[in-house]
Each structure stands twice: as structure tokens, then as C-alpha cells.
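*Asks:* Sharing a structure with you now.
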Amino acid sequence: MTEMIRVEELEFQVAGRNILTIPELVIKKGHIYGIMGPNGAGKSTLLKVLSLLDSPTNGVIYFHGEQVSAHTITLEKRRKIAIALQQSLLLDTTVFQNIAVGLKIRRQPRKIIKEKVYEWLEKFNITHLADKHAYKLSGGEAQRVNLARAMILEPELLCLDEPFSALDFPTKMKLIYDFKNILSEAGTTALFVSHDLLEVKSLTDELFILMNGEMQQHGSTEYVIENPNESTRSFINDWKSYLTL
């Protein structure tokens with residue numbers, strides 16, 4: 001697989017305190033990566049740094065082999081990265097208009113916008129919601145719209161910060177199943193921050209475990225879950241116990 005992002009000697013500090021210390025990290029094209037760890041481990045901070053919203057205090061980030069930062073990234077490269085958050089933050093308008101907004105900002109022709117919006121409505125099984133007001137959607141519907149709004153931009157890298165955490169279990173698992181198929185079909189690389197081991201196990205190929213801002217274990221999701229090391233064993237086993245209750 002082609003290397004998309006490489007991080008070397010990364011440090012992120014706030015008021016002189018280290019929030020992240022990552023000597024090396026590689027993101028390969030086409031993979032779906034989970035990022036887990038206890039509260040305060042630095043998961044969301046790492047996601048912001050890798051999505052080039054924040055610049056590290058020290059260290060280097062390469063995007064497709066070119067050194068970049070939040071301050072120097074070109075608009076062309078910025079457009080290759082999309083973000084979806086826990087809160088869908090939909091606009092006060094219809095589902096169609098919410099999904100179309102990014103293409104409108106990029107000044108795409110009206111015909112192209114209509115074609116692409118309906119393409120992604122269909123992919124997320126929400127064509128019947130096209131004319132519905134966003135504020136009248138259920139939580140699961142709103143998150144499908146949020147993800148479709150990100151995916152319509154055809155990002156190379158999609159960064160997800162706990163987008164399923166507010167959903168009930170059946171809604172969550174159905175959306176994850178559909179979304180994994182969509183990511184696979186599109187070949188999109190994704191970084192997925194979650195506090196839920198079942199979400200991570202269901203969606204991701206590889207898993208990073210952070211604790212106190214440091215990478216404690218990484219590898220295939222299945223391997224890390226079944227073979228936690230000394231540093232991650234308690235965290236993983238607590239989750240396994242919770243899921244079998």
C-alpha cells in the first residue's frame with residue numbers, strides 16, 4: 001500500500017505540557033485506522049494534527065512525501081481531507097442542500113451537484129430524505145447525512161471523531177456496516193477516533209492505542225485486541241469484559 005502520511009518525532013504541547021509524543025507513525029492509503037485510549041489519552045488531538053487542523057509543537061508531518069503543516073498546506077491538498085464529528089452540525093435547510101454545500105463552495109456546476117448529491121443519497125440509503133428538513137431527522141439519519149456530506153467531496157483522507165457515539169446500538173451497527181462498505185468501495189483512507197471497542201472492531205483494519213499521549217501498541221485491529229501487550233492489556237480486557245456482560 002502507498003504511504004499517505006508519515007509522522008516523525010511529533011510532539012504537541014499545551015502550556016509547556018506534552019499532550020502527544022509520537023516518535024513515528026505511518027498511515028497507508030486505503031486502510032481504515034482506529035484510534036483508542038482512555039479519556040485524556042490524546043486521541044482527538046492526534047486526529048487534529050493528522051488532519052492538519054493543528055500544527056505540532058515539534059516534529060515533521062509528510063503528506064504524500066511532502067512536508068506539510070496546518071499553516072503551509074496548499075488548498076489543493078486541504079481539499080483531499082474531510083472531517084466528520086460526533087455532532088452532525090447540519091445546516092438549517094434540507095438534506096439535499098446540506099450534502100450539496102461543499103460542492104457549491106467549490107463552484108461545481110448545478111447539474112454535477114444534483115447528480116452527485118443523488119448518488120450519495122443512494123449510497124447512504126437516504127434518497128427518500130432529500131427534501132426533508134435537517135432538523136427533523138433522527139440521530140441516525142442526521143449522521144448519514146453528515147457522512148454523505150463529507151464523502152461527496154471524494155476525500156483521500158476522512159477523519160472521524162466519534163461519529164457513532166450518540167446512536168442507539170441497532171442504528172449504530174447498521175450504519176457502521178453500510179459505511180464500511182462505502183469506504184471500501186471508494187478506497188478512502190480513514191482515521192477513526194472511538195471510545196468503543198465494538199465500533200473499532202466492526203469498522204477498522206488497524207488499531208492505535210494511545211495512553212498519556214504516547215503510542216502503546218499498534219497493529220492489525222484483530223491482533224491488538226486478541227494480543228494486548230503489557231501496557232494495553234488492562235484497557236483492552238476491561239472492554240472485553242464490558243462487551244460480554
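*Asks:* Starting from the stretch 57-84, take each residue that is surrounded by 14 or more Cβ atoms within 10 Å (Cβ to Cβ) and list its partners that are of a type in the set (Ser, Thr, Tyr) and assigned to a strand (DSSP E or B), counting only C-beta distances under 9 angstrom and pairs at least six apart or across chains.
*Replies:* That search, which allows pairs on different chains as well, returns Val68/Tyr62.
*Asks:* I'm checking my understanding of the structure. Among residues of the stretch 107-127 that are in a loop (DSSP other than H, G, I, E, B) and surrounded by 11 or more Cβ atoms within 10 Å (Cβ to Cβ), which one is farthest from the chain's Cα centre (by Cα)?
*Replies:* Among those that are in a loop (DSSP other than H, G, I, E, B) and surrounded by 11 or more Cβ atoms within 10 Å (Cβ to Cβ), it is Gln108.
*Asks:* With the condition kept exactly as written, say whether any residue in the stretch 226-241 is closer than 21 Å to Glu119 by Cβ and assigned to a helix (DSSP H, G or I).
*Replies:* no
*Asks:* Right, something else. Filter the stretch 165-187 down to residues that are touching a residue at least 40 places away in the same chain (Cβ under 8 Å) and not in a helix (DSSP H, G or I), then give me how many there are.
*Replies:* So the count comes out to 3.
*Asks:* Only one residue in Ile105, Ile61 is of a type in the set (Val, Ile, Thr) and in contact with a strand residue (DSSP E or B) (Cβ under 7 Å, 6 or more places away or on another chain), so which one is that?
*Replies:* Being of a type in the set (Val, Ile, Thr) and in contact with a strand residue (DSSP E or B) (Cβ under 7 Å, 6 or more places away or on another chain) holds for just one of Ile105, Ile61, which is Ile61.
Each row is one residue, and each column tells you yes or no for (1) hydrophobic (A, V, I, L, M, F, W, C); (2) more than 22 Å from Arg106 (Cα to Cα); (3) crowded, with 22+ Cβ neighbours inside 10 Å; (4) over 14 Å from the mean Cα position of the chain (by Cα).
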site	(1), (2), (3), (4)
Leu137	yes, yes, no, yes
Asp161	no, yes, no, no
Phe164	yes, yes, yes, no
Phe179	yes, yes, yes, no
Leu191	yes, yes, yes, no
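*Asks:* While we're here: Of all residues in the stretch 128-142, count the ones that are over 13 Å from Leu91 (Cα atoms) and either among the charged types (D, E, K, R) or in a helix (DSSP H, G or I) (or both).
*Replies:* Looking only at that region, the number is 6.
*Asks:* Quick one: which residue in Leu46, Leu103, Leu89 is surrounded by fewer than 19 Cβ atoms within 10 Å (Cβ to Cβ), in contact (Cβ under 8 Å) with a residue 12 or more places away in the chain and either within 18 Å of the chain's Cα centre (by Cα) or assigned to a helix (DSSP H, G or I) (or both)?
*Replies:* Being surrounded by fewer than 19 Cβ atoms within 10 Å (Cβ to Cβ), in contact (Cβ under 8 Å) with a residue 12 or more places away in the chain and either within 18 Å of the chain's Cα centre (by Cα) or assigned to a helix (DSSP H, G or I) (or both) holds for just one of Leu46, Leu103, Leu89, which is Leu89.
*Asks:* Looking only at the stretch 57-70, count every residue that is touching a Leu at 6+ places or on another chain (Cβ under 9 Å) and of a type outside the set (Val, Ile, Thr) and tell me the total.
*Replies:* The qualifying residues number 5.
None of the figures in this text is laboratory data; all of them are computed from the coordinates on show. Here the structure is a predicted model, which is why all the values come from computation and not from measurement. As a convention, Cβ positions derive from the backbone with ideal geometry for all residues, glycine included, and neighbour counts pool all protein chains shown.
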